[in-house]
Amino acid sequence: MPYGFTPEHLALAEKVRTFADTVVRPVAYEYDTRRELPYEIIAEMGAMGLFGLALPPEYGGTGPDYTAFCLAVEQIARVDQSLAVTLEAGIGLSAVPLLRFGTEEQKRTWLPSLARGAALAAFGLTEADAGSDASGTRTTAELIDGHWVINGTKQFITNSGTAITTLITVTAVTGERTRSDGTTAPELSAFLVPVPAEGVEVGPAYDKVGWHTSDTHPLTFTDVRVPEENLLGERGRGYANAVACLDEGRIAFAALCTGAAQGCLEEALRHSQEREVFGRALSANQHVAFTLARMQARVHTARLAWVEAARLMEVGERFKMAASLAKLLGAESAVANAHDASQIFGGYGFLNENLVARHYRDAKVLEVGEGTTEVQLGVIARELGVTGAGLRRT
């Protein structure tokens with residue numbers, strides 16, 4: 001089986017591919033132009049079980065099978081990155097943290113609706129001064145009379161303002177901790193905040209370069225009160241748990257990148273074989289043929305990387321470097337393939353109605369989301385044992 005996929009994996013990939021081509025692609029440009037999340041398509045994805053692929057049956061899922069989840073994300077990303085990241089973030093960064101660190105009551109309360117795609121959850125980590133350095137969080141949570149009182153702001157939060165968003169996981173400072181070297185740092189914890197809720201303000205949607213269909217907002221928390229039992233995981237483990245979830249999430253994000261790179265290749269290959277220039281197919285030119293070959297090499301390498309990272313994670317082996325490698329290679333492959341595909345299309349590649357133009361816009365954020373390229377390089381360097389140069393183990 002290619003890439004070590006099982007027959008079940010291949011059947012799922014084909015099913016989602018067909019869905020993406022026949023349901024998602026025909027309306028992707030329309031929703032991109034309107035900058036709206038297609039709730040009816042989200043519902044169909046839920047009915048297909050896509051939101052439950054990473055979750056076990058006892059919580060309404062159809063997994064847990066992280067490779068299957070990544071395959072679904074990859075196939076959708078071929079035709080619409082916005083919808084793919086809605087799935088990837090809704091599960092990989094929102095439901096999975098709850099699965100990993102939540103109490104039994106928390107999981108049974110929230111996971112079934114997320115697994116059905118009937119609800120979406122958001123992961124409130126990033127702040128104005130706490131992006132790549134999540135330990136710089138300024139949002140606070142104070143325990144008062146059996147309730148955590150949360151104050152602060154978050155930004156660039158995916159799935160935070162949709163009509164079906166019901167839960168936001170928020171990281172906040174709950175005190176101070178002492179590092180092994182004797183220095184102190186903020187103690188971070190994570191909390192489940194049901195929404196809508198008094199004191200939670202969802203700011204206007206960002207005017208983004210790409211990912212127009214994806215829902216992204218800033219959030220403000222003003223004296224937001226949640227019960228003491230809404231603490232997610234142990235107090236003081238919020239940062240470590242967030243980093244662990246980001247490691248997992250980067251694998252699915254790498255699959256999204258791979259899907260984008262694959263989509264660009266497919267579009268460029270089709271167009272170059274149909275388009276005639278100077279009396280012959282565009283693909284008959286050696287430069288174009290070699291460009292297509294390099295695009296295929298990038299897709300192959302990116303897919304190998306995320307599949308290996310997913311395999312390591314699923315068998316319980318250390319996968320931190322593998323996840324960062326997959327995210328790094330995937331993002332670079334998507335950006336390069338989007339550039340090459342747009343060049344092969346010429347002027348047509350500069351029209352927003354063209355899928356490769358939307359990939360070209362969307363691909364840039366792949367080098368930023370879920371850890372910038374520089375963060376991935378730092379993680380890889382640390383895993384190699386490199387010290388200094390501003391590198392610090394988390």
Problem set entry | Selection of trypsin sites (Lys or Arg not before Pro), the stretch 290-327, meeting DSSP coil and at most 12 other Cβ within 10 Å | Arg318
For this session: Report the full-extension gain for the segment Leu143 to Arg225: residue separation times 0.36 nm, less the Cα-Cα distance, to one decimal in nm.
Result: 28.6 nm
For this session: For the chain, give the magnitude of the charge dipole about the Cα centre (Cβ charges: +1 Lys/Arg, -1 Asp/Glu; no others), in debye to the nearest 20.
Result: 900 debye
Exercise. Based solely on its DSSP helices, what 222 nm [θ] is calculated for the chain when runs of n ≥ 4 H residues each add -39,500 (n - 2.57) and the sum is averaged over all residues, nearest 500 deg cm²/dmol?
Worked result: -15500 deg cm²/dmol
Problem set entry | Lys/Arg +1, Asp/Glu -1 at C-beta; the chain dipole; positive extreme among Leu329, Gly52, Ser180 | Leu329
Exercise. Mind checking the dipole of the stretch 34-135: about its Cα centre, +1 per Lys or Arg Cβ, -1 per Asp or Glu Cβ, Debye to the nearest 20?
Worked result: 200 debye
Exercise. Hey, can you rank 261-267, 161-167, 199-205, 369-375 by average C-beta count inside 10 Å, highest first?
Worked result: 261-267, 369-375, 161-167, 199-205
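Strictly over 21 Å apart at the Cα level, which of Lys107/Lys320; Lys327/Lys364; Lys208/Lys364 would you flag in this model? Write down the numbers at each step before the final one.
Details: Lys107/Lys320 25 Å; Lys327/Lys364 13 Å; Lys208/Lys364 11 Å.
Violating the 21 Å Cα-Cα cut-off are Lys107/Lys320.
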For this session: Answer with one residue from Ser113, Leu304, Asn354: the one whose Cα lies farthest towards the positive end of the charge dipole of the chain, charges on Cβ with Lys, Arg +1 and Asp, Glu -1.
Result: Leu304
Exercise. If packing is taken as the mean number of other Cβ atoms within 10 Å per residue, what is the order of 9-19, 85-95, highest first?
Worked result: 85-95, 9-19
For this session: Please report, in Å, the Rg and the Dmax of the stretch 23-66, where both are computed over Cα atoms only.
Result: 13.3, 39
Exercise. When the accessible area of the stretch 247-380 is computed with all protein chains present and a 1.4 Å probe, what percentage of it is carbon and sulfur?
Worked result: 57 percent
Seminar exercise, completed: Env charge @ Ile344, Cβ radius under 13 Å, K,R +1 / D,E -1, value -1
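The values are calculated or read from the model by the stated rules, or taken from the named source; none is laboratory data. In this text the structure is predicted, and so the values were computed from the model without any measurement. Note that each Cβ is placed from the backbone with ideal geometry, even for glycine, and that neighbours are counted across all protein chains shown. Accessible surface areas use protein heavy atoms only, side chains included; no ligands, DNA or RNA. Shrake-Rupley method; radii C 1.70, N 1.55, O 1.52, S 1.80 Å.
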